[in-house]
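Report on the structure given below.
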Amino acid sequence: MIRFQNVTKSFEGSQGGLSQVSLHIRPGEMVFVTGHSGAGKSTLFKLIAMMEKPTRGEVFLNGSDISDLRSSQIPSVRRQMGLVFQNPHLLNHRTVLDNVALPLYLDGVRIEEAHKRANAALDKVGLHHKKNQMPLTLSTGEQQRVGIARAVVSRPAIILADEPTGNVDPEMSLEMMRVFENFNAIGTTILIATHDLGLVRQLGHRVITLDHGRVVSHG
Amino acid sequence: MAKQQSDSLYYPPMTFFFLGHFRALIYGFGQLWRRPAGNLMTIFVLAIALALPGCFFSFAHGIKQMLPPWQKAADMTVYLKDGQSADAINQLQKTINHMQGIASTKVISPSQGLQELNKEFPIADIVKQLPSNPLPTVIAISPSQLTNNLQQLQNLNQQIAQLPGVDTVQMAYQWVQQVMHLTKVLSRVAIIVGVIFALAILLMISNTIRLTLQKDKQDIQVFRFLGASRATILRPLLYQGLWLGIFAGVLAMIIMVMIGLLMIHPLNDLLQTFQIQLHAAIFFNGCTLFGVLLVSIILSWIGTRLSVQRAVFGSENDCVF
């Protein structure tokens, strides 16, 4: 599904790059990426989401090289992914429901169907009762969950999540991970970056550990 | 995961296309509505910048239309000295006829002159009391269309004035030519002011949209991360620029009509000294007014395109993770 082949990404005068990374994430896998800050987790995600281009090497998605796409080709590939950010990145002047339905609007899904699916996604993250509120009236953890609902609503083939439980209490963290697991169970490939090693161990999925831009374990 | 491209769940492509435009149109208006004070000021400044050259153009164009036709204005009247013989007059007419730039000539004898004068002014009784007809013999000249500038006409005038037997030469409406030159100046001013202000409008629109972009940077990022196409992201901004153009254009039309209403009386007084009847239509000319609206929309569109082109897609490398 996702394959890195000798990927190096260097930033001038700053940390956080990758060095000679080769790895393979198979379709339907759920993988955690861990490592201290500056280890290269974010860079790994950016390369998959096509926000960065590798300095050397190739990144493959479903067998095709995405490391050098033209900017006009990126949107359609990106719509096949669900992205969850550390900062939830919501549209503050739209309702929670509209925020969640946004990827569907962009895809041309009819509004009734989009609302139906957005309601279902909000139900999964336990926020259905807040669908008509504005994002700024929600707590940080709730906003994060809205971000997750938005990432899963279009049933993408891949979900990339960067510290999705960063601002959430442990109980809710586990619940959110269960949401990801449910999607994984129906075949979605999931890649989650997290510091929460306890949670990672508890869930028992494959873990890729990065250190100074190198993969130190991917067992 | 394969998407279910079921017809009932997705909009048909054409419907989706138009729906996208409609949503962008509404969203673009919403963007203006969200910041009413700032946008209202921008609209006012744009409208003033449009209305000024619009007024110049309107006046110059309108006055030109009210003037008598050029041919009539260029006609000359040659007054002959008293006591010329019929032969001498015929000879003079021939000489003038052969000059370059003359279309036709006509001799008007003092008695014919008196008849024509009588048609316009009932003074026949007064003239009858005089010992003799005081009117001179006159040769009326129509210059050819080729003779179409004031310099050429003045040269012709001088040449004729130097002929033997000629007393004075008068151009029928010399002031018409002067007014025409004045309107040319006004037109030129309209073009210069128009070009300068068009540039100002472009910069102003660009700046307004650039500020919107800065304020909405996060929202635009969200759209990009969700895989919105370039067109989808640009559309609301372009429509926002379009709305600015429409509102500024309509306001400019209103300002132009108001200036027209303020100017109509003093201008009418001025023009009456030239015996020109003022038509209110020159200030309320639909073509000019809608032309201003159209120019406003086109400039706004270009200004918006200029500012979004670079700003939105400068780089893909915005930090999110």
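The values are calculated or read from the model by the stated rules, or taken from the named source; none is laboratory data. This one's a predicted model, so the numbers in the text were calculated from it and none came from an experiment. Please note: Cβ atoms are built from the backbone with ideal geometry, for glycine as well, and neighbour counts cover all protein chains shown.
I need every pair where a residue in the stretch B:129-140 that is at pLDDT below 75 has its Cβ under 7 Å from the Cβ of a residue that is surrounded by fewer than 14 Cβ atoms within 10 Å (Cβ to Cβ), sequence separation at least 6 or different chains.
Close Cβ pairs (under 7 Å, with a partner that is surrounded by fewer than 14 Cβ atoms within 10 Å (Cβ to Cβ)) do not exist here.
Looking at the stretch A:51-61, which of its residues are within 12 Å of chain B (Cβ to nearest Cβ) and surrounded by fewer than 22 Cβ atoms within 10 Å (Cβ to Cβ)? Steps first, please.
Initially, the stretch A:51-61 is screened for residues within 12 Å of chain B (Cβ to nearest Cβ), giving A:51-53.
Correct list: A:53 only.
Restricting to the stretch A:26-42, name every residue that is within 13 Å of chain B (Cβ to nearest Cβ), on the phi < 0 side of the Ramachandran plot and modelled with pLDDT of 90 or more.
A:27, A:33
Do we have residue B:224 as over 22 Å from residue B:40 (Cα atoms), of a type in the set (D, E, K, R) and buried (at least 18 other Cβ atoms within 10 Å of the Cβ) here? Give the steps one after another, and end with the answer.
Values: over 22 Å from residue B:40 (Cα atoms): yes; of a type in the set (D, E, K, R): yes; buried (at least 18 other Cβ atoms within 10 Å of the Cβ): yes.
Here the answer is yes, as residue B:224 does meet what is asked.
Considering only residues of the stretch A:157-168 that are assigned to a loop (DSSP other than H, G, I, E, B) and out of contact with any Gly (no Cβ under 7 Å at 6 or more places or on another chain), which is modelled with the highest pLDDT? Write out each step before concluding.
Here is the first cut: in the stretch A:157-168, the ones assigned to a loop (DSSP other than H, G, I, E, B) are A:157, A:163-168.
Next, only the ones that are out of contact with any Gly (no Cβ under 7 Å at 6 or more places or on another chain) stay: A:157, A:163-166.
Numbers: A:157: 91, A:163: 87, A:164: 87, A:165: 82, A:166: 76.
Only one residue tops the list, namely A:157.
Of everything in the stretch A:71-85 that's within 7 Å of another protein chain (Cβ to nearest Cβ) and touching a residue at least 60 places away in the same chain (Cβ under 8 Å), which residue is surrounded by the most Cβ atoms within 10 Å (Cβ to Cβ)?
So the residue we want is A:83.
Give the residues of the stretch A:147-174 that are more than 12 Å from chain B (Cβ to nearest Cβ) and touching a Lys or Arg at 6+ places or on another chain (Cβ under 9 Å), sorted by residue number.
Applying the first criterion (more than 12 Å from chain B (Cβ to nearest Cβ)) to the stretch A:147-174 yields A:148-149, A:165, A:167-174.
Listed by number, the residues that qualify are A:148, A:149, A:168, A:172.
All but one of (1) within 14 Å of chain B (Cβ to nearest Cβ); (2) part of a strand (DSSP E or B); (3) of a type in the set (A, V, I, L, M, F, W, C) hold for residue A:23; which doesn't?
Going through the list (1) within 14 Å of chain B (Cβ to nearest Cβ); (2) part of a strand (DSSP E or B); (3) of a type in the set (A, V, I, L, M, F, W, C), residue A:23 breaks only (1).
Given (1) more than 14 Å from every other protein chain (Cβ to nearest Cβ); (2) crowded, with 18+ Cβ neighbours inside 10 Å; (3) not β-branched (Val, Ile, Thr), identify the lone condition not met by residue B:207.
In the conditions (1) more than 14 Å from every other protein chain (Cβ to nearest Cβ); (2) crowded, with 18+ Cβ neighbours inside 10 Å; (3) not β-branched (Val, Ile, Thr), residue B:207 misses (2) alone.
Give the residues of the stretch A:188-205 that are surrounded by 14 or more Cβ atoms within 10 Å (Cβ to Cβ) and away from chain B (no Cβ under 14 Å), sorted by residue number.
Across the stretch A:188-205, the qualifying residues are A:196, A:199, A:200, A:203, A:205.
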